Amino acid sequence: MTLTLLLLIPFLGALGLSLWPRTLCEVVARRTAIVLLIIQLLLSLRVIFLFDSTDGGMQLQEGLYWLSSLGLDYRLGIDGLSLPLVLINAVLTLVAAIVSRSISQRPRLYFCLLLVISGAVNGAFLSQNLLLFFLFYELELIPLWLLISVWGGSNRAYAATKFLIFTAVSGMLILGAFLGLAFATGSVDFSLTPVTTLQLSMGGQILLLSALLIGFGIKVPLFPFHTWLPDAHTEASTPVSVLLAGVLLKLGTYGILRFGMGLFPEAWSVLAPGLAIWAAISVLYGSLAAIAQVDMKRMVAYSSVGHMGYVLLAAAAATPVSLLGSVFQMVSHGLISALLFMLVGVVYKATGTRNLDVLRGLLNPERGLPLTGSLMILGVMASAGLPGMAGFISEFLLFRGSIEKFPIATLLSMVGSALTAVYFLLLVNRAFFGRLAVTPVDPNSGPLDIRIPASTLVEQLPSLMLAGSVVFIGLWPTSLASITESATNSMAQLMSTLSIVLPIGVTP
Amino acid sequence: MPTLLADLGGAGLGMPSMGDLSLQLNAGAIAPEVAVLLALLISLLVDLAGEKAASRWVPPICYGGLGAALVLLALQWNSPLAPSFFGGFLADNLAVAFRAVVAASTLITLLLSWRYVERSGTPVGEYAAILLAATVGAMILCGSTDLVSIFISLETLSVSSYLLAGYMKRDARSSEAALKYLLVGSAAAAVFLYGASLLYGITGGATDLASIAVALQTSAKPVAALSLVFVLATVAFKIAAVPFHQWTPDVYEGSPTPVVAFLSVGSKAAGFALALRILVGCFESFNEQWKLLFTVLALLSMVLGNVVALAQTSMKRMLAYSSIGQAGFVMIGMVCGTEDGFAAMVLYMASYLFMNLGAFACIILFSLRTGSDRIADYAGLYQKDPLITLGLSLCLLSLGGIPPMLGFFGKIYLFFAGWADHQYLLVVVGLITSVVSIYYYISVIKMMVVKEPQEASDVVKEYPAITWNLAGMPSLRAALVGCVLVTAVGGILSNPLFMWASSTVAGTPILQQAIAASGGGAAALG
Amino acid sequence: MTINLPTSIPLQAYLVLAALLFCIGVWGLINSRNAVRVLMSIELMLNGVNINLMAFSDYLDGQLIRGQVFTIFVITVAAAEAAVGLAILLSLYRNRETVDMERFNLLRW
């Protein structure tokens, strides 16, 4: 029942908000949403205590028969892979609701959509039925489209439509692959049972896996399907960016791990070398593109493309260590990118620009944004993988786990990781260090004025919380590892036993 | 009645006694149609008493007739099968299900119509009578199992539809739509008749579908194929499949909007019932041929309907092309010819009833308030009319197959059935075109929801105050809210609907035969 | 020597006649600009069908004559259709003062 509550709270909350008979002012809507999300977070924390960390399989399973003729049953479960993501979702949706301060227009709709997205993401992470996952995956599409296109920046219509089309295509690819998978076994079954060569030829498996990979690759996003992401981020408001980068992209990597690797182990081990190369290309492309950006938000967005590529590399290697690293990477990327997007949002709100050619010396303690600047430096360090923070642990595990299997791809990804340091140092160096420019740097850009005095500590509380948790995971990785390890180990075991079992002709 | 005469001649050999005759007539099967017919006659009589009495009494009479028809249909559900009118009509579950869809679509259409008709200043009683006549035709068509009864009911439906399309006499566009519909429709009927006459000839004088099916197995292939093409063209015309769709956008744009609502659901449902009866029930020995042709039609419909819909600026025209695309999706179920395929068809028609009529309810309401039908005029509507905005958004999302709406489950079921039957091409094209369809449905929602107040269209800026107290408005609101509710919640609670769809297939002998045949074929292949 | 009239003309002759009539109807349907002529062409198509039905009925179905009954229905319905068609045409003529198909272009055809 606990898992169902995780869905019911946001969905019923959204319903309640939308049906509230009187006009709802912004403050009430926001507070209601925050209270609901706090309850959701507490419930997710309760799941940790109910969770048996030694068991690598699905736990707390619950279900109902729904549409049996369609093979669509309501079945939920949680394991070490989905639990951290459910937690991240609870934390980041709460943070997004807290930082949604200036939603003057249509607050009711805004917070409803936020709750729906949170519920849908929970549902997708918890589903034990392919069609149920697809339902939740599609459910999150329209609310996010609305969040971008109603509360976004000036070019929001274009960005939102692009997001919509890319994600809709991704959904259709995934549905096609799921249908193919379900019928491959002979009997229609949308439960999560891996497919073997006995049921489906290797060619068919590779075809379906490719559809699945492209579908989720759009969502992750991986090069060359990433083009919607920078646009969507640039036009989305700060809370939406937090959600998008922190939670929704994880649907893609989760899908690759759970459905790509988990359901097509044989085809996966055939494709793995190619996937590692693809991951390395994606990492390098994301990092290089980030260097070229002058918009801070676009830079962070491209860094997401790079950093999510690591997860694919780790999944391709599929060793226990690399898989553990991939979960760490998902969690730490969620926290770090959310932190960075929030800080960029603060800068944008204070200065009215995100242009790195214009911003200078924001770290100035008198008239600048010293707290924001400090947090930004911390976030950037974490993202570049400096020891003592979450980014370091995940990258270390990732590269350590992958290098034996794919040395070249791993080395290339490490170069990408080094490039992270380059572009984020550029960002910090340009925007925060140096003299605070009172006169315009660029004569065409107009005078730069700091409109809002340095934000209060309370306003920065969410950022501080996120920064704190980044350091917490960095210093005490066991907290996360203990939850996840048994699940990733059993996944890796599936892959390694398989490579022994496979007939010689099939192994790569 | 006509079939009775046609077959009395046929039954002349045995010369049944009167007791046998009433038994063989089995006229109880058309009790629902009789209820509608009675409502029609009473409406016409009431109409004689003057316009005032008509607008007071015609609506309850129609509700009574259609409600009684629905109740009688429910009573026929799963009842023992016996052919009526010497094989002219069969009230199997397929017929009951599709007749229920037709009757429900008429009921909802009437709820939507009163205000519209009243405002256009045309007589209410006549309008209701013609619509009910079309309903009787469509309902009998769903259960017809004889070429003669098919022809008569098809023409009853068609001729009434022409009249409905041209009901706005003073509007040249309405007359033009009616004339185009009439010319194309009559030509299609003539083509059907030519095919039927060939069938009559090559089967050695049989007009009922069961004996034709038997005779076709041994008859001359080329002529039979020719008659198949003729009959299929007419069926495709009725369900507006590409390339027999050209009439649809024009007729939809020119006709009164409530009529379009009926044509897009009721008439189309009857067309699909006809398609099932003739193609599945009769041309079984040409399974491969008609399935191939239907696959092509489905592909063309999905692609052309959905792609051309992108470019439309008129709401009704956009929905016309979208309905062509939707018909393409439904045809996937028919091509499969499996249990799931047929069930998915029935399910999708039922969900299409609610989502499409819900969308039409919103469009009718909008055009009543503003007189406009252009998509661009919906800009910024959320501020002025949240009900239309919400209702139209939900219905369009459902048509686009977004969860958790009803349309999502219907569409998934169609794709599921298609994939199970290895119709990969159809399913893949269906998936791609539903992305396209999401795009144009969303762009309407974008107009309504996303546009800022300052970007609102002139029509919306001068939006009248919302009142519901005019005659005919409460019923319109009831229909709108009802359809939208079913569309939004029906998906999650769609289990009974799935049961209903599968028992429709289970209670229909011709479908069971087809399933057994295709199952046997698959087993032979395997 | 008895003359058996019906069989002296083969069935095929009727069928060819019917097919010709039908084709002429189709040709007229496509090529006429005058809406009344289009209606007449449809009547020709229906008459082709009627000849078909009658011929089949006489040659193959002499006992039950279903085809002849069918023909009665076709004629009846065709009359109804023509009546409705002319009525619509009349109302359109009142609005537009023409029966030229090319000028019915308010709706994109």
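The values are calculated or read from the model by the stated rules, or taken from the named source; none is laboratory data. If you're wondering where the values come from, they're calculated on a predicted model, not measured in any experiment. FYI the Cβ positions are ideal-geometry reconstructions off the backbone, even for glycines, and counts take in every protein chain you see. Just the protein is used for accessible areas: all its heavy atoms, side chains included, with ligands, DNA and RNA removed. Shrake-Rupley method; radii C 1.70, N 1.55, O 1.52, S 1.80 Å.
Once you treat every alpha carbon in chain B as an equal point and sum by Debye, what is log10 I(q)/I(0) at q = 0.08, 0.11 Å⁻¹? So the normalised log intensities are -0.47, -0.91. Ordering A:V270, A:I78, B:M447 by the projection of their Cα atoms onto the charge dipole of the protein assembly as shown, which places +1 on the Cβ of Lys and Arg and -1 on the Cβ of Asp and Glu, puts B:M447 at the extreme positive end. Comparing C:L39, C:L29, C:L86 in a Gaussian network model of chain C (Cα springs below 10 Å), the most mobile by mean-square fluctuation is C:L86.
In Å² (nearest 100), what accessible area is buried between B and A, both sides summed, heavy protein atoms only, 1.4 Å probe? Walk me through the numbers before you get to the answer.
On the way: alone 19360 and 18720 Å², together 35200 Å².
Using a 1.4 Å probe on protein heavy atoms, the buried area is about 2900 Å².
Here the label points at B:Q246 and A:M202, each 7 Å from Cα along the C-beta direction, are separated by 5.4 nm in the simple model.
For the peptide C:83-93, the mean number of other protein chain Cβ atoms found within 10 angstrom of a residue's Cβ is 6. Karplus-based coupling profile of the stretch A:65-72, in residue order and whole Hz: 6, 10, 10, 5, 5, 9, x, 9, with θ = phi - 60° in 6.51 cos²θ - 1.76 cosθ + 1.60 and x standing for Gly or Pro. As I understand it, the value is the acute angle between the Cα axis of helix A:407-431 and the longest principal axis of the Cα atoms of chain A; what does it come to in degrees, rounded to 10? The two axes meet at around 20 degrees. Positive end of the dipole of the protein assembly as shown (Cβ unit charges, origin at the Cα centre): among A:L12, B:T433, B:L216, the Cα lying farthest that way belongs to A:L12. With everything on Cα atoms, drop me the angle between helix A:461-475 and the longest principal axis of chain A, reported from 0 to 90° to the nearest 10. The helix A:461-475 is inclined about 50 degrees to chain A. Working note: 222 nm ellipticity from helices only, DSSP H runs with n ≥ 4, each -39,500 (n - 2.57), summed and divided by the residues of chain A, gives -23000 deg cm²/dmol to the nearest 500.
Can you pull the percent of the stretch A:271-499's accessible area that's carbon plus sulfur, 1.4 Å probe, other chains left in place? Each step should come with its number before you reach the end.
On the way: 5850 of 8490 Å².
Here carbon and sulfur together make up 69 percent of the probe-accessible area.
What's the carbon and sulfur percent of chain B's accessible surface, probe 1.4 angstrom, rounded to a whole number?
69
The 1.4 Å probe gives accessible areas that order A:V415, B:V450, largest first, as A:V415, B:V450.
Protein heavy-atom accessible surface, 1.4 Å probe, per residue over chain B: 30 Å². Solvent-accessible surface, computed for protein heavy atoms with a probe of 1.4 Å, shrinks by 30 Å² or more for the following residues of the stretch B:396-426 when the other protein chains are added to the isolated chain: B:I402, B:P403, B:F408, B:F409, B:I412, B:F416, B:W419. Any idea how far the Cα center of the stretch B:93-138 sits from the one of the stretch A:148-220, in Å? Their Cα centres are 42 Å away from one another.
Given the pairs B:K291/B:K411; B:K411/B:K451; A:K219/A:K250; B:K384/B:K446; B:K238/B:K268; B:K221/B:K291, which are separated by over 18 angstrom at their Cα positions?
Working: B:K291/B:K411 20 Å; B:K411/B:K451 30 Å; A:K219/A:K250 8 Å; B:K384/B:K446 15 Å; B:K238/B:K268 7 Å; B:K221/B:K291 16 Å.
Distance filter (> 18 Å) returns B:K291/B:K411; B:K411/B:K451.
Across the stretch B:290-302, coupling constants 3J(HN,Hα) worked out from phi with the 6.51/-1.76/1.60 Karplus curve, θ = phi - 60°, read 5, 5, 5, 4, 5, 4, 4, 4, 5, 4, 4, 5, 4 Hz, and Gly and Pro carry x. If you plug the beta carbon distance of A:L494 and C:E102 into 1/(1 + (r/R0)^6) with R0 = 51 Å, you get a FRET efficiency near 0.10. Computed per residue of chain B from DSSP H runs no shorter than four, each worth -39500 (n - 2.57), the mean residue ellipticity at 222 nm is -24000 deg cm²/dmol. Close amide H pairs (under 5 Å, H built 1.01 Å from N) link A:N129 with A:R75, residues at least 5 positions away or on another chain. Taking all protein chains as they are arranged and a probe of 1.4 Å, the heavy atoms of A:I98 leave approximately 40 Å² accessible to solvent. Taking the Cβ-Cβ separation of A:R367 and A:I291 as r and a Förster radius of 25 Å, what is the calculated FRET efficiency to the nearest 0.05? It comes out at approximately 0.30. Using a 1.4 Å probe over protein heavy atoms, the accessible area lost on pairing B with C, summed over both chains, comes to approximately 4100 Å². Couplings 3J(HN,Hα) of the stretch C:10-23, computed from phi: x, 4, 4, 4, 4, 5, 5, 4, 4, 4, 4, 4, 4, 5 Hz, in residue order, whole Hz [Karplus 6.51 cos²θ - 1.76 cosθ + 1.60, θ = phi - 60°; x for Gly and Pro].
In this simple spin-label model, placing a label point 7 Å from the Cα along the Cα-to-Cβ direction at both A:V458 and B:L48 gives a separation of 8.0 nm. The residues of the stretch A:124-153 listed by number as losing at least 50 Å² of accessible area in the complex, against the isolated chain and with a 1.4 Å probe, are A:L135, A:I142, A:W145.
In deg cm²/dmol and to the nearest 500, what is the mean residue ellipticity at 222 nm of chain C if only DSSP H runs of at least 4 residues count, each as -39500 (n - 2.57), divided by the residue total?
On the way: 4 runs with 82 residues, N = 109.
After summing the helix terms and dividing by the residues of chain C, the value is -26000 deg cm²/dmol.
How high is the relative contact order of the stretch A:271-499, given as a whole-number percent (alpha carbon pairs under 8 Å, six or more residues apart)?
Numbers: 375 pairs, mean separation 66.7, N = 229.
Reported relative contact order: 29 percent.
Starting from the Cα gyration tensor of the stretch A:1-65, take the square roots of the eigenvalues, sort them a ≥ b ≥ c, and report rounded, prolate or oblate (rounded when a/c is under 1.5, otherwise prolate if a/b is larger than b/c, else oblate). Cα axes put the stretch A:1-65 in the oblate bin. Within the shell defined by Cβ-Cβ distances under 14 Å, the residues around A:G434 carry a net charge of +3, with Lys and Arg each +1 and Asp and Glu each -1. Applying a DSSP loop filter and a limit of 14 other Cβ atoms within 10 Å to the GluC sites (Glu not before Pro) in the stretch A:324-409 leaves A:E366, A:E404.
Once backbone amide H atoms are built at 1.01 Å from N, A:D295 has A:L356 as its partners under 5 Å, excluding neighbours fewer than 5 places away on the same chain.
With Cβ to Cβ distances under 15 Å as the rule, what net charge do the other residues near A:S44 carry (K, R +1; D, E -1)? Local net charge: +1.
Around B:S158, with a cut-off of 9 angstrom between Cβ atoms, what is the net charge of the other residues, counting Lys and Arg +1 and Asp and Glu -1?
On the way: positive: B:K238; negative: B:E155, C:E81.
Around B:S158, the charge tally is -1.
Residue separation times 0.36 nm, minus the C-alpha to C-alpha distance between A:S374 and A:T227: what's the value?
Values: separation 147, 0.36 × 147 = 52.92 nm, distance 3.07 nm.
49.9 nm is the gain from fully extending A:S374 to A:T227.
Each residue, B:V34 and A:L12, gets one label point 7 Å from its Cα in the Cβ direction; the gap between the two is 5.1 nm. Taking the empirical scaling 2.2 N^0.38 Å for compact globular proteins as reference, the stretch A:271-499 has a Cα radius of gyration ratio of 1.09. Ligands, DNA and RNA excluded, the heavy atoms of A:H307 present near 10 Å² of accessible surface to a 1.4 Å solvent probe. Rounded to the nearest 10 degrees, the inclination of helix B:31-48 to the longest alpha-carbon principal axis of chain B is 50 degrees. Basic side chains Lys and Arg get +1 at the Cβ, acidic Asp and Glu get -1 at the Cβ, and with that the dipole of the stretch A:271-499 about its Cα centre reaches some 260 debye. Solvent-accessible area per residue in chain A equals 34 Å², computed with a 1.4 angstrom probe and all protein chains kept.
According to the square roots a ≥ b ≥ c of the eigenvalues of the Cα gyration tensor, what is the shape class of the stretch C:21-79, taking rounded for a/c under 1.5, prolate for a/b larger than b/c otherwise, and oblate for the remainder?
Numbers: a/c = 6.33, a/b = 2.31, b/c = 2.74.
Note, shape of the stretch C:21-79 comes out oblate.
Applying 1/(1 + (r/R0)^6) with r as the Cβ-Cβ distance of B:L310 and B:Y424 and R0 = 25 angstrom yields a FRET efficiency of 0.50.
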